Amino acid sequence: MLDIHSTAERNKSPAKKASYPAQGLFQANYDPSIESDKVVKIRATYELFIDGKWTPAEGGKTFLTLNPATGKPLAQIAEASSKDVDRAVQAAKRAYEKSWRSTSGRDRGRILFRIARILQERAREFAVLETLDNGKPIRESREIDIPLAAAHFFYYAGWADKLEYAVPGQRFQSLGVAGQIIPWNFPLLMAAWKIAPALATGNTVVLKPAETTPLTALLLAEVLQEAGLPDGVVNIITGASQTGAALVAHPDVSKIAFTGSTEIGKSIARQVAGTSKKLTLELGGKSAHLIFEDAAIDQAVEGIVQGIYFNQGHVCCAGSRLLVEESILETILSKLKRRIRTLRVGNPMDKNTDLGAINSSEQLQKIQTLVALGKEEGGDFYEPESTPLPTEGYFHRPCFFSSVPASSTLSRVEIFGPVLTISTFRTPEEAVQKANDTPYGLAAGIWSDKGGKIQKVARGLKAGVIWANTYNKFDPCSPFGGYFESGWGREGGRHGLLPYLEVQS
Ligand code: NAI
Ligand code: MG
């Protein structure tokens with residue numbers, strides 16, 4: 001017979017503090033297994049991809065993209081001025097009017113399927129390039145970023161000739177030129193999230209990747225051509241904030257889709273207010289895990305580790321706040337310490353690496369400043385000090401602060417790094433209240449073996465995505481997006497088509 005109390009009993013804190021073996025003892029001594037960088041050819045310089053052609057930026061302005069694991073340059077990238085942005089938007093507008101708006105759904109779908117298949121065929125090349133430019137472990141780019149990017153193209157390819165089922169009984173049309181601005185944490189995946197629904201619905205695109213991670217978007221340009229996408233339907237322009245701002249301001253852009261910081265998202269919302277431009281925003285988060293004493297604790301600890309240390313915490317829906325039922329705090333802390341001692345921080349190209357490089361020295365500095373502030377504010381800090389860090393590049397150990405008050409800076413701001421804050425609750429109501437006590441509302445994780453409790457708690461949470469007994473699971477069929485300062489609108493699934501359509505009832 002199933003004893004429903006057994007897990008809770010088992011999880012009760014040990015009477016005595018457990019003693020742990022010396023740090024480092026848990027780290028397996030694997031030989032390095034380094035992925036080869038020979039599978040991808042990185043050019044010395046990259047130009048802008050406008051109207052199906054590579055073209056230099058006006059005045060020849062360029063910037064460097066680095067490999068954050070070494071701090072060394074990878075390539076010189078063209079920096080698009082507002083004139084270049086205009087050239088790209090005009091190309092997208094011409095392609096829209098001349099061909100793409102009247103291309104049948106079946107033909108649009110056919111091209112999207114081809115893009116998906118080519119991405120799968122060239123997956124290894126994309127994974128290596130993503131890891132070199134971004135710093136994330138090769139295991140993640142190979143198993144998560146690239147397969148999910150291909151899956152997005154497959155998914156929206158299927159919608160292209162079935163749009164009447166997305167908005168049953170309603171008339172609809174495409175919008176025109178979509179301006180899309182993406183961040184550095186999932187460079188190719190964010191490009192896929194943006195481009196696939198835009199093309200499926202018959203819009204054309206000007207995409208601006210982040211300045212620290214432009215390379216996979218530029219390689220995607222090759223795939224688009226190989227798949228037979230007509231010139232001008234997707235244009236890829238590189239640059240930093242000024243390039244992005246010029247795209248947002250352009251009068252011939254009908255829709256802006258932005259993923260990035262809440263601060264820039266808010267400024268874009270202000271810029272777009274009062275115009276006819278449509279807008280979707282995917283912004284920051286301070287998502288909470290809620291762990292109840294009846295949870296399967298080892299599974300929960302693994303989920304927490306995946307949720308915050310995965311991709312160095314560079315995940316908008318990272319589970320960066322941990323709320324633990326008071327009775328199991330000691331158990332969780334001891335298991336968490338034990339687990340994060342085993343994590344390997346280092347060369348992202350090593351298949352054994354768990355945490356790769358922080359994407360830029362600016363981001364590393366931001367994380368270090370916040371950690372220093374957390375220590376000043378009096379949080380109980382833990383990091384596996386014996387975990388070795390590479391001597392070059394930008395790296396940070398996985399760490400956490402326990403017993404942090406809800407009012408502390410670390411409990412409130414998005415750190416975007418491998419830093420977890422931990423506090424406790426006594427009742428499900430208090431857990432929900434604490435989880436919701438944030439200006440964000442992107443995601444949450446509930447850990448309990450009681451289905452009824454999960455349902456009840458989930459209903460109280462203000463978060464766009466809620467995982468139960470798992471975390472950070474993505475699927476193109478399921479919509480993603482946030483409440484409050486986490487953003488407007490949804491991407492993914494049928495919902496992800498709607499921001500790219502004008503629907504008349
Ligand atoms: P950011 O918001 O400045 O950059 C995101 C994208 O927006 C980049 O392509 C950038 O070039 C572009 N951009 C910057 N200023 C712009 C403007 N005025 N108009 C139009 N486009 C503009 O993010 P940043 O500075 O790279 O990271 C800062 C913080 O933002 C991080 O520490 C993290 O907390 C958060 N962030 C959140 C992300 C998410 O997925 N929600 C992704 C990246 C960063
Ligand atoms: Mg880079």
>> Along the Cα→Cβ direction, 7 angstrom out, place labels at S276 and E429. What is the inter-label distance in nm?
In response: 5.2
>> If amide hydrogens are placed 1.01 Å from N in the peptide plane, which non-local residues have theirs closer than 5 Å to the one on F172?
In response: Q504
> If all Cα-Cα distances of the range 63-204 are sorted into 5 Å bins from 0 onward, what percent lands in each bin, rounded to whole numbers?
Replying inline: 2, 10, 15, 17, 18, 16, 12, 6, 3, 1, 0, 0
> If you place +1 on the Cβ of every Lys and Arg and -1 on the Cβ of every Asp and Glu, how big does the dipole about the Cα centre of the chain come out, in debye to the nearest 20?
Replying inline: 780
>> Using only DSSP helix segments of four residues or longer, with each worth -39500 (n - 2.57), what per-residue ellipticity at 222 nm results for the chain after dividing by its residue count and rounding to 500?
In response: -11000 deg cm²/dmol
> For the range 372-465, treating each Cα as an identical point scatterer without solvent, what Debye log10 I(q)/I(0) comes out at q = 0.17, 0.21, 0.24, 0.25 1/Å?
Replying inline: -0.87, -1.12, -1.28, -1.33
> ³J(HN,Hα) across the range 299-307 via Karplus (A = 6.51, B = -1.76, C = 1.60, θ = phi - 60°), whole Hz, x for Gly/Pro?
Replying inline: 5, 5, 4, 4, x, 5, 4, 4, x
> Using alpha carbon centroids, what distance separates the range 314-360 and the range 150-190, in Å?
Replying inline: 33
> Toward the positive end of the charge dipole of the chain, about the Cα centre and with charges on Cβ (Lys, Arg +1; Asp, Glu -1), which of Q242, Q271, Y394 goes farthest?
Replying inline: Q271
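What is the sum of charges around W193, taking Lys and Arg as +1, Asp and Glu as -1, for the other residues whose C-beta is under 9 Å from the C-beta of W193?
So the environment of W193 carries a net charge of -1.
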>> So if I place +1 on the C-beta of Lys and Arg and -1 on the C-beta of Asp and Glu, and nothing else carries charge, what would the dipole magnitude of the range 288-475 be about its Cα centre? I want it in debye, nearest 20.
In response: 280
>> Per residue of the range 50-65, what does 6.51 cos²θ - 1.76 cosθ + 1.60 with θ = phi - 60° give for ³J(HN,Hα)? Whole Hz please, x for Gly and Pro, Karplus curve as stated.
In response: 10, 6, x, 10, 8, 9, x, 6, 3, x, x, 5, 9, 9, 9, 10
> In terms of modelled amide H atoms, which long-range or inter-chain residues lie less than 5 Å from the amide H of L48?
Replying inline: T55, A57
>> Quick check on packing: order 384-391, 83-90 by the mean number of other C-beta atoms within 10 Å, highest mean leading.
In response: 83-90, 384-391
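Can you pull the semi-axes for the chain, root of five times each eigenvalue of the Cα gyration tensor, sorted largest first, whole Å?
Numbers: eigenvalues 314, 139, 81 Å².
Sorted largest first and rounded, they come to 40, 26, 20 Å.
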> Taking a ≥ b ≥ c as the square roots of the eigenvalues of the Cα gyration tensor of the range 24-136, is the shape rounded (a/c under 1.5), prolate (a/b larger than b/c) or oblate?
Replying inline: oblate
>> What is the angle, in °, between the Cα long axis of helix 262-272 and the longest principal axis of the Cα atoms in the chain? Nearest 10 is fine, range 0 to 90.
In response: 30
> Hey, if you put +1 on the Cβ of every Lys and Arg and -1 on every Asp and Glu Cβ in the chain, which of L163, N134, F480 ends up farthest toward the positive end of that dipole?
Replying inline: L163
> So what is the accessible area of the range 217-325 per residue, in Å², with the probe set to 1.4 Å?
Replying inline: 27
> Which entries of K194/K277; K194/K462; K286/K366; K208/K286; K335/K366; K38/K61 show an alpha-carbon separation above 18 angstrom in the structure shown?
Replying inline: K194/K462; K208/K286; K335/K366; K38/K61
>> Considering only protein heavy atoms and a probe of 1.4 Å, how much of the accessible area of the range 134-191 is carbon and sulfur, as a whole percent?
In response: 55
>> Sort 245-257, 227-239, 174-186 by packing, meaning the average of other beta carbons within 10 Å per residue, with the highest value first.
In response: 174-186, 227-239, 245-257
>> Placing +1 on the Cβ of each Lys and Arg and -1 on the Cβ of each Asp and Glu in the chain, which of Q368, P209, N311 has its Cα farthest towards the positive end of the resulting dipole?
In response: P209
> Antiparallel DSSP bridges in the chain: what percent, to the nearest 5?
Replying inline: 35
>> For the pair Q299/E377, report the inter-label distance in nm, with labels modelled 7 Å from Cα in the Cβ direction.
In response: 3.3
>> Test of understanding: express the Cα radius of gyration of the range 314-362 as a ratio to 2.2 N^0.38 Å, with N the residue count.
In response: 1.48
> Of all accessible surface on the range 288-475 at a 1.4 Å probe, what whole percent is carbon and sulfur?
Replying inline: 48
> Hey, how many Å between the Cα centroid of the range 407-440 and the Cα centroid of the range 256-313?
Replying inline: 14
>> For the range 288-475, take N as its residue count and report Rg(C-alpha) divided by 2.2 N^0.38 Å.
In response: 0.98
> Which value in nm describes the separation of the simple spin-label points at E392 and T409, placed 7 Å from the Cα toward the beta carbon?
Replying inline: 3.2
> Which of the peptides 486-494, 470-478 is most tightly packed, and how do the rest follow, going by the mean number of other Cβ atoms within 10 Å of each residue?
Replying inline: 486-494, 470-478
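Using 0.36 nm times the number of residues separating S327 and K98, minus their current alpha carbon distance, what extension gain do you get?
Length difference between fully extended and current span is 75.9 nm.
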> Stokes-Einstein D for the range 427-503 at 37 °C, 0.692 mPa s, Kirkwood Rh over Cα pairs, in µm²/s?
Replying inline: 243
> Once Rh for the range 168-311 is found with the Kirkwood sum over Cα pairs, what is the Stokes-Einstein diffusion coefficient at 25 °C and 0.890 mPa s, in µm²/s?
Replying inline: 144
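The values are calculated or read from the model by the stated rules, or taken from the named source; none is laboratory data. Here the structure is a predicted model, which is why all the values come from computation and not from measurement. Glycine also receives a Cβ, built like all others from the backbone with ideal geometry; neighbour counts cover every protein chain displayed. In case anyone asks, the SASA skips ligands and DNA or RNA and just uses the protein heavy atoms, side chains included. Shrake-Rupley method; radii C 1.70, N 1.55, O 1.52, S 1.80 Å.
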